[in-house]
1. Name every residue in segment 172-203 that is under 17 Å from the mean Cα position of the chain (by Cα), open to solvent by 20 Å² or more (accessible area, probe 1.4 Å) and among the β-branched types (Val, Ile, Thr), in order of residue number.
2. May I ask you to say which residue of Leu18, Leu33, Leu22 is under 11 Å from the mean Cα position of the chain (by Cα), more than 17 Å from Leu132 (Cα to Cα) and open to solvent by 30 Å² or more (accessible area, probe 1.4 Å)?
3. Restricting to helices (runs of 4 or more DSSP H) lying wholly in segment 57-171: which have 3 or more residues that are closer than 21 Å to Met27 by Cβ, open to solvent by less than 40 Å² (accessible area, probe 1.4 Å) and outside the structural domain of Phe214 (by the TED database)?
4. Within segment 188-209, can one find any residue that is among the small types (Gly, Ala, Ser), outside any helix (DSSP H, G or I) and touching a residue at least 12 places away in the same chain (Cβ under 8 Å)?
Amino acid sequence: MDAEVVLQEEDMEGSWTLLSWLASFVMVFGGALPYVPQYQEIQRCSNTEGFSTRVCFVLLIANILRIFFWIGKQFEMTLLLQSVVMILTMFAMLHLCCTVHNTNRVSTRQHRLSDLNFQYFWKWSAFEDYLLFCFGFTVLCAVVTLLLLDSAVFVETLGSLALMFEAMLGLPQLLQNFDNRSTKGMSVKMVLLWTAGDVFKTTYFVMNESPAQFWVCGSVQIMIDVSILLQVLLYSQDSRVKLG
C-alpha cells in the first residue's frame with residue numbers, strides 16, 4: 001500500500017513538473033505570439049498605418065529595464081528569457097515596418113536619429129536608427145545600474161519603471177485607434193492574444209508569488225486590452241452607420 005502511495009506521489013510530482021515546464025515555455029514565447037498575426041497582416045496589406053510602432057518602443061524600454069531589474073533582484077529566469085525573446089520580436093516588427101514604409105514612401109525625404117528632431121522621434125526611416133537608440137539606452141542603463149546597484153530603493157524603482165512601461169503596452173495602440181476613429185489595419189487577433197496572454201501571466205505571477213509589481217502590471221494591461229476590444233466594436237458600428 002505504501003509503495004502505491006509513493007508511486008502516486010511520484011506521478012503527481014512528475015505531472016506537476018511537466019505543467020510547470022509547459023507554463024514556463026508559454027511565458028517565454030507566449031508574449032511574442034500575438035505579433036504573428038499583426039506581422040502577417042502588415043505583410044499582406046503592405047501597410048503599417050493600423051499598427052502603432054510605439055508599442056514596440058514601450059516594450060523595448062520595458063524589457064531592457066526588466067533585464068537590469070533582474071540583475072539587481074534576481075526573480076524567475078523564465079521572465080528574463082521572456083524579455084530577451086520580446087526584444088527580438090520587437091526588432092523584427094520594426095524591421096518589417098521600416099521595410100514596408102520605405103517601399104511605399106513617395107517622398108525622398110528621410111528622417112534619421114542624427115537629425116535630432118523630436119517631432120520625428122520613433123518615426124525614423126532606417127531600422128539601424130532604432131538599433132542605435134536601443135543600444136545607447138542600454139549603455140546608459142548599464143552605467144547607472146553599475147553605480148547604484150547596491151541601493152535597494154534604486155532596484156525597486158527600476159523594477160517599477162520596467163513594469164509601468166509594460167503596463168502601458170496597449171496604450172499607444174488605444175490612442176492611435178482613437179485618433180484614426182478606426183481599428184482598420186490592426187490585427188484583432190493580436191489584441192485577443194494580448195488579452196489571453198495577460199490573463200495567463202497575471203495568474204502565473206500570483207501563483208508564483210512574483211514581486212507585486214508584476215501582477216499589478218498585468219492587471220492594468222488587461223484593462224487596456226479590454227478597452228481596445230471595445231474600440232473594435234464601437235468603430236465597426238460607426239462604419240456600418242456611415243455606410244448605411
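The values are calculated or read from the model by the stated rules, or taken from the named source; none is laboratory data. All of these numbers come straight from a predicted model, not from anything done at the bench. Here Cβ is always computed from backbone atoms with ideal geometry, including for glycine, and neighbour counts include all displayed protein chains. For accessibility, only protein heavy atoms count, side chains too; no ligands or nucleic acids. Shrake-Rupley method; radii C 1.70, N 1.55, O 1.52, S 1.80 Å.
1. Correct list: Val188, Thr195, Val199.
2. Details: Leu18 fails: under 11 Å from the mean Cα position of the chain (by Cα); Leu22 fails: under 11 Å from the mean Cα position of the chain (by Cα).
Checking each option against the conditions leaves just Leu33.
3. Working: elements: 77-104, 127-148, 152-167.
In segment 57-171, the matching helices (runs of 4 or more DSSP H) lie at 77-104, 152-167.
4. The initial filter retains those residues of segment 188-209 that are among the small types (Gly, Ala, Ser), namely 196-197.
So of that shortlist, the ones also outside any helix (DSSP H, G or I) come out as none.
Looking through segment 188-209, none of the residues is among the small types (Gly, Ala, Ser), outside any helix (DSSP H, G or I) and touching a residue at least 12 places away in the same chain (Cβ under 8 Å).
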